[in-house]
Amino acid sequence: MEQKDQQEKEYNNIGLSDYVNKNTIRNVFFFTGGIVLFIAGVIGYGVILNLRSAPLSELMVKKGIKKITDPKIIIDRKEYSLSLYDDTTLIKTYRANFGRNVLLPKKRINDLATPVGEYVICEIDTAYKYGKFFKLNYPNITDITEGLRKGIITQAEFDRLQYELYYLGCPKLKTELGYDIGIEGTGRLNFLLKNLPFVYNWTDGSISISNESIDEIYPFIKIGTKVVIK
């Protein structure tokens with residue numbers, strides 16, 4: 001009986017220190033703190049880089065441009081950039097993120113790749129889930145012709161897409177070639193994504209720039225604006 005009481009007493013006296021070594025707690029604390037400081041430093045560096053970027057209005061003044069009358073967008077997948085031109089004059093370049101598959105141009109739905117080619121902005125959505133959305137006429141005539149040749153879409157789908165491209169401007173039919181590709185903001189994660197000092201490709205194939213960047217170019221973008229993705 002006395003032995004049992006002694007065992008119960010020892011059991012009740014067991015504390016946290018009996019399970020966790022103090023050195024272990026200290027190491028975990030310093031490791032976690034180091035990670036937090038590293039992330040803060042990375043984002044802080046990104047903030048500094050963004051602060052050094054001149055506003056579009058200032059660059060227009062420097063280049064002697066009072067109004068952008070012929071906007072064009074050149075997107076470079078290798079340089080992770082989106083550049084705004086007025087005719088042939090480069091005005092400003094923005095950092096861009098693409099589909100998670102950066103090795104190949106888009107060919108099919110769910111391949112997570114960004115298309116390559118010449119497109120136009122065919123719709124503008126200002127209440128999109130990632131801020132603003134400039135929809136491209138993907139798949140265009142070149143894309144659907146190639147898709148038909150390779151058997152990715154049927155003749156009926158080709159005919160429907162061709163009709164929509166010619167008469168509506170924007171393809172509406174959802175096929176195996178993919179759909180709803182465009183230029184978009186970053187939405188709620190804008191602060192984090194825009195301040196990363198490295199490229200993070202996260203989209204399903206669209207081109208993403210920061211909310212501030214898409215807001216800045218929005219007044220100059222119109223239906224029919226040419227977009228070249230290379």
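The values are calculated or read from the model by the stated rules, or taken from the named source; none is laboratory data. Predicted model, so just to flag it, every value in this text is computed and none were measured. We place every Cβ from the backbone using ideal geometry, glycine too, and count neighbours over all the protein chains shown.
On the stretch given as region 146-194, residues that are surrounded by 15 or more Cβ atoms within 10 Å (Cβ to Cβ), of a type outside the set (D, E, K, R) and assigned to a helix (DSSP H, G or I) total 8.
Only one entry of GLU118, GLU79 meets the criterion of being more than 15 Å from LYS174 (Cβ to Cβ), surrounded by fewer than 17 Cβ atoms within 10 Å (Cβ to Cβ) and touching a residue at least 40 places away in the same chain (Cβ under 8 Å), and that entry is GLU118. Might you check whether a residue that is in a loop (DSSP other than H, G, I, E, B), among the charged types (D, E, K, R) and on the phi > 0 side of the Ramachandran plot occurs anywhere in region 84-100? Yes; the residues of region 84-100 include at least one that is in a loop (DSSP other than H, G, I, E, B), among the charged types (D, E, K, R) and on the phi > 0 side of the Ramachandran plot.
Filtering region 113-136 to residues that are more than 18 Å from GLY185 (Cα to Cα), of a type outside the set (A, V, I, L, M) and touching a Pro at 6+ places or on another chain (Cβ under 9 Å) leaves only GLY117.
Within region 123-139, the set of residues being more than 21 Å from LEU177 (Cα to Cα) and basic (Lys, Arg) comprises LYS129, LYS132.
Within region 206-213, is there a residue that is at pLDDT below 95, out of contact with any Cys (no Cβ under 6 Å at 6 or more places or on another chain) and part of a helix (DSSP H, G or I)? Among the residues of region 206-213, not one is at pLDDT below 95, out of contact with any Cys (no Cβ under 6 Å at 6 or more places or on another chain) and part of a helix (DSSP H, G or I), which makes the answer no.
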